[in-house]
Amino acid sequence: DLQICQHRAPTCCTKRMEESYQAAVRRERTQSIQALNFELKYMIVGHITAFQEAFESLLRFAENRTSSLFETAYRPMAKEAAEPVKELFTDISLYILGAETTVESAVLRFFDSLFPLVYSRLINPGITDLSEDYTECLRLTRQDINPFGHYSKNMVTELSKSLWASRMLSQALSLGIEVINTTEHAALTKECSRALVKMQYCPHCQGLTLIRPCVGYCLNVMRGCLASVSELDAQWREFISTLEYLTNEMAASHDLEIALSGIWNSINEAILHAQLNGPQLSATVDKVCGQPRQQEGNLSSANIVPVKEVTETQTFMMAHTSLNNKRREFINYMKRSRTFYASIAERLCDGDLVMRDSSTCWNGEDVV
């Protein structure tokens with residue numbers, strides 16, 4: 001009553017053993033593909049972690065640099081500016097990780113929060129009545145009177161270009177893991193499991209436990225079983241090309257490190273612009289929001305203090321070099337995996353599964 005290992009000679013197999021063999025080949029096929037995938041998946045997961053650590057290191061550096069700008073140059077508003085600065089960098093981090101947000105909304109929200117502070121602490125430092133209504137009016141007015149000139153828009157443009165490539169790379173790496181995980185659990189057709197049993201276990205039914213399949217026979221069976229997986233070849237090659245494009249973009253015109261390290265400078269220029277145009281801004285704000293209460297003997301406007309270069313360049317350069325090296329290593333490795341899905345049958349038929357350097361092997365029917 002055998003369905004797969006039918007043979008003219010007497011057999012030591014039963015139908016129940018054939019069923020056990022079918023369960024075994026399914027398990028072994030999944031394990032062998034997992035073993036093949038392991039190195040590739042390990043590299044991608046490792047680089048997702050490494051890139052993430054490098055991004056976070058650069059973000060922390062840029063955030064610290066921006067915070068120190070307020071502490072050294074704009075001390076009257078440093079304490080209140082801490083929260084908007086933190087929110088800005090949290091939004092940037094979430095954007096890189098793929099959250100449904102935009103760089104523009106993050107940057108403009110930051111400048112909306114910044115304007116009431118700049119207006120009440122630097123342009124008109126005598127204001128005592130900064131009520132919620134007055135603060136909200138200043139926030140809304142910021143969008144119309146554009147107190148920060150072109151600097152806020154420039155910051156959006158610069159960050160959007162560089163963060164876009166990082167965001168896409170982060171999403172692409174997650175997609176790569178998803179593809180690999182899916183191929184590990186691709187269903188085995190009935191025909192495939194029967195063919196694998198015939199190739200690997202039918203010799204056992206004749207007592208031939210040491211005979212292994214012929215190479216050509218193994219390749220035919222594996223190619224048939226993995227036809228759906230090997231169809232990924234063209235898309236996988238395209239995926240590798242896209243990764244290459246994104247890593248080149250990150251290292252060229254969309255350099256993340258340069259954009260992040262320039263945030264503090266953009267904010268400084270924006271604040272200086274607002275201070276220089278203080279009288280015009282005050283006149284417009286008074287018309288729109290009314291005049292708030294002032295302290296007796298109105299304090300003179302805070303002196304414009306150009307910020308000094310923050311001396312954390314060494315830390316930044318290390319993070320920059322680290323990210324560049326990781327990108328280079330990663331893309332070189334991924335380029336070597338370009339033929340991963342095209343050659344999967346060949347790699348499964350390599351090693352101990354088939355008979356090499358021997359005159360006898362199993363061809364599915366007999367020893368040849």
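Which is the longest part of the chain that has none of the GluC sites (Glu not before Pro) sitting in a DSSP loop with at most 14 other Cβ atoms within 10 Å?
That gives 101-230 as the longest site-free run.
Taking Cα pairs under 8 Å and at least six residues apart, what relative contact order does the range 12-159 come out at, in percent?
Reported relative contact order: 17 percent.
Mind giving me the FRET efficiency for Gln34 and Lys161? R0 is 41 Å, r the Cβ-Cβ distance, nearest 0.05 is fine.
According to the calculation, E is roughly 0.55.
Using the Kirkwood radius over Cα pairs, work out the Stokes-Einstein diffusion coefficient for the range 48-103 at 37 °C and 0.692 mPa s, in µm²/s as a whole number.
270 µm²/s
Work out, step by step, the length gained on full extension between Arg8 and Glu365: first 0.36 nm times the residue separation, then minus their alpha carbon distance; give nm to one decimal.
Extra length available between Arg8 and Glu365 comes to 127.5 nm.
Using only DSSP helix segments of four residues or longer, with each worth -39500 (n - 2.57), what per-residue ellipticity at 222 nm results for the chain after dividing by its residue count and rounding to 500?
Roughly -23000 deg cm²/dmol at 222 nm, from the helical runs in the chain.
As an exercise, use a Förster radius of 30 Å and the Cβ-Cβ distance of Glu53 and Lys287 to find the FRET efficiency, rounded to the nearest 0.05.
The computed FRET efficiency comes out at 0.05.
Using the Cβ atoms and a cut-off under 12 Å, what net charge is assigned to the surroundings of Gln6, where Lys and Arg are +1 and Asp and Glu are -1?
Charge balance near Gln6 sits at +1.
I'd like the Karplus ³J(HN,Hα) series for the range 153-164: coefficients 6.51, -1.76, 1.60, θ = phi - 60°, whole numbers in Hz, and an x wherever there's a Gly or Pro.
Here the 3J(HN,Hα) series is 5, 4, 5, 4, 4, 4, 5, 4, 5, 6, 6, 4 Hz.
Hey, what angle do you get for helix 233-251 against the long axis of the chain, alpha-carbon based, 0 to 90 degrees rounded to 10?
Roughly 30 degrees between the two axes.
Near the amide H of Val367, under 5 Å away, which other amide H atoms are found, from residues 5 or more places off or on another chain, if H is placed in the peptide plane?
Residues meeting the criterion, in which the H sits 1.01 Å from N, do not exist here.
Determine ³J(HN,Hα), in whole Hz, for all residues of the range 165-172 in sequence, where each value follows from phi through the Karplus function 6.51 cos²θ - 1.76 cosθ + 1.60 and θ = phi - 60°; x replaces Gly and Pro.
Working through the residues one at a time gives 4, 5, 4, 5, 4, 4, 5, 5 Hz.
Can you tell me the Rg and Dmax of the range 23-182, counting just the alpha carbons, in angstroms?
Spelled out, the Cα radius of gyration and Dmax of the range 23-182 are 22.5, 81 Å.
Run through the range 3-83 and list the trypsin sites (Lys or Arg not before Pro) located in a DSSP loop whose Cβ has at most 10 other Cβ atoms within 10 Å.
Arg8
More than 29 angstrom separation, counting every C-alpha pair in the chain; what % is that?
Values: 39671 of 67528 pairs.
Result: 59 percent of Cα pairs exceed 29 Å.
Give the calculated FRET efficiency between Thr339 and Glu83 to the nearest 0.05, with a Förster radius of 56 Å applied to their Cβ-Cβ distance.
0.65
Return a whole-number percent for the relative contact order of the chain, with Cα pairs under 8 Å and 6 or more residues apart as the contact set.
Value for the chain: 31 percent.
In whole Hz and in residue order, list the ³J(HN,Hα) couplings for the range 41-47 that follow from phi through the Karplus curve 6.51 cos²θ - 1.76 cosθ + 1.60, θ = phi - 60°; x for Gly and Pro.
Listing the rounded values in order: 5, 4, 5, 5, 4, x, 6 Hz.
None of the figures in this text is laboratory data; all of them are computed from the coordinates on show. Computed from a predicted model, the values in this text were never measured in an experiment. Methodologically, a virtual Cβ is constructed for each residue, glycine included, from the backbone with ideal geometry; neighbour enumeration extends over all protein chains shown.
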